[in-house]
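Below you'll find the structure, written out as structure tokens, and then a few comments.
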Amino acid sequence: MPQFLGALTLLVRDYDEAIAWYTGTLGFTLVEDTELAPGKRWVLVAPPGASADAGQTRLLLARAANPEQETQIGCQAGGRVFLFLHTDDFARDHAAMKARGVTFLEEPRHESYGSVAVFEDLYGNRWDLLGLKPKG
């Protein structure tokens, strides 16, 4: 089996708040929500249309467990774009995300590699919505 990144941890304030935003506002799918211990859950979300099979990266929504972790919520990449959400239809997804209340920090840009716009999640982490041009 080839190697792949199965999940990236994203620090959150509250599991249910994060699930509501990622599934309701961003349109992600709740893949798993399993209680591991009192106050600790394994919560995985994935972009719409992601395969249920292994091999696609998911987000592990992890509630900050101490004050040091709490200070990192929303700034896991030091203010840079942290995550890159690829789409096969930039205009469709940009419009849908705006309609659901996603905060975009800029108007869409059309670069040599495709269309891109930076948005923030509910905690302030920066993302690129990215529609790549086909190669060839």
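For the stretch 111-127, taking the residues that are part of a strand (DSSP E or B) and within 11 Å of the chain's Cα centre (by Cα), the one that is surrounded by the fewest Cβ atoms within 10 Å (Cβ to Cβ) is identified as 120. For residue 72, the conditions (1) closer than 24 Å to residue 31 by Cα; (2) touching a residue at least 12 places away in the same chain (Cβ under 8 Å) are fulfilled apart from (1). Output the residues belonging to the stretch 75-110 that are aliphatic (A, V, I, L, M), surrounded by fewer than 13 Cβ atoms within 10 Å (Cβ to Cβ) and touching a Gly at 6+ places or on another chain (Cβ under 9 Å). Residue satisfying the conditions is 91 alone. Residues of the stretch 1-51 that are of a type in the set (D, E, K, R) and touching a strand residue (DSSP E or B) at 6+ places or on another chain (Cβ under 6 Å): 32, 33, 35, 41. When we screen 7, 95, 91 for residues that are closer than 23 Å to residue 132 by Cβ and touching a Ser or Thr at 6+ places or on another chain (Cβ under 7 Å), the only hit is 7.
Just so you know, all these numbers are worked out from the coordinates, no wet-lab data involved. Just so it is clear, the model here is predicted, and its values are computed rather than measured. Reconstructed Cβ throughout: ideal geometry from the backbone, glycine too, with neighbour counts over all protein chains shown.
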